[in-house]
1. Identify, among B:Ala130, B:Pro118, B:Ile142, the residue whose Cα sits farthest towards the positive end of the charge dipole of the protein assembly as shown, taking +1 on the Cβ of Lys and Arg and -1 on the Cβ of Asp and Glu, with the dipole about the Cα centre.
2. Which residues, if any, in segment A:29-44 have at least 10 Å² less accessible area in the whole protein complex than in the isolated chain, probe 1.4 Å?
3. So for segment B:107-206, averaging the separation of alpha carbon pairs under 8 Å that are six or more residues apart and normalising by length, what relative contact order in percent results?
4. So what's the angle, to the nearest 10 degrees on a 0 to 90 scale, between helix B:135-147 and the longest Cα principal axis of chain B?
5. Using the heavy atoms of the protein chains alone and a 1.4 angstrom probe, what is the accessible area of segment B:181-244 per residue in square angstrom?
6. Compute the long axis of helix B:227-239 from its Cα atoms, compare it with the longest principal axis of the Cα atoms of chain B, and write down the angle in degrees, 0 to 90, nearest 10.
7. Among B:Gly34, B:Gly180, B:Gly132, whose mean-square fluctuation peaks in a Gaussian network model of chain B (Cα, cutoff 10 Å)?
8. Pairs of alpha-carbon atoms within less than 8 angstrom and 6+ residues apart define the contacts here; what relative contact order does chain A have, in percent?
Amino acid sequence: MSTLQGNDFEDGNVLGGPFAEIFVHDLTAATGRCRFCGLDGPMAAVHVYARAPGVVVRCPGCQEVLMRLVSTPRGLELDASGLAHLSWRL
Amino acid sequence: MTSELVGRAVLGWRVAELVESWPETASARALVLGVPDWPGHRAGQHVDLRLTGPDGYTTERSYSLASPAARSPGGWRLQLVVQRVQDGEVSPYLTDVFAAGNLIEVRGPIGGWFVWSPREGGGAPVLLVAGGSGIVPLMSMIRERRFRRDRTPFRLVYSLRTQADELFADELNRPGIGDGGVETFVVRTREDSPRSGRPAGRISAADLAAWGWPADFAPRCFVCGPTGFVEEVARLLLSLGHSPDDIKTERFGPSGP
């Protein structure tokens, strides 16, 4: 496995599959607001680090953690405390 | 989003069968999966594939869909292109071992943002910028345009290392019926392009200015490739005056899809 580097991330487009186990609506089609810097933008554009244990989602503006999704022996754990808001246009 | 596919309820895994496959380049293979109960998809969407070992270990990878959702007499067909990743865990299996008749699990369609359909955008022209195998979801858009008999003006700027790395070369270089209005320009990073007289080199603002659309036309821009490529192209498009709202990007990370 390669060494992690500064730009070793994917983007929010990859979140659709893993988060389909939790959300009824497609997360990549949602707009989210960062609780830290207030950036409001498409969840498809967030930075995703999937090589950590679980999936870590960072704000493309300030790099703070928006969400963490971890699969453990006890089940699935979601921490979305970095998000102030999520919205879907349906 | 108005598509019925966006907002679809929880995605489950379906069993797919490899119907046929062929080499696209020395290191990339096209796979056609037959999925009996596929719900359809939009150009630009992707799927997850899941492999399960004899000991129950499972691993998943995302792959962009290369063709429109089409139902043949034999059922739904999905086309993917898998680039073999050196020391990869999944791609060497899919390119070298996975054979017609073998089964695999597929989840999708996935993604509601990096998508194009003829009905959106009020006829604004489209600029597609591909880095390496980032061409795959963009090819899906070109094929969707043809499939739907749409006439939206398309320009594709396709950056690759050498001619030998070019995916869909025949289809892009000899446009067929329905591809009038699609213009393709290839940028090679490691060898000169004799036909255009462009020396080897990474994609530049001059390339995008010459072969893209003027920012005044407010084209919708779709950029897909490795992370560094996508960051650079997005920066160049902004410097040429394109609006951030018109630029959609999809990065496939350090190891490629």
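1. Looking along the dipole axis, the top candidate is B:Pro118.
2. A:Ala29, A:Pro42, A:Ala44
3. It rounds to 24 percent for segment B:107-206.
4. 90 degrees
5. Per-residue value: 50 Å².
6. 30 degrees
7. B:Gly180
8. Reported as a whole number, the value is 26 percent.
The values are calculated or read from the model by the stated rules, or taken from the named source; none is laboratory data. This is a predicted model, so every value here is computed, not measured. For neighbour counting, all protein chains shown are included, and Cβ atoms are generated from backbone atoms with ideal geometry for every residue, glycine included. Accessible surface areas use protein heavy atoms only, side chains included; no ligands, DNA or RNA. Shrake-Rupley method; radii C 1.70, N 1.55, O 1.52, S 1.80 Å.
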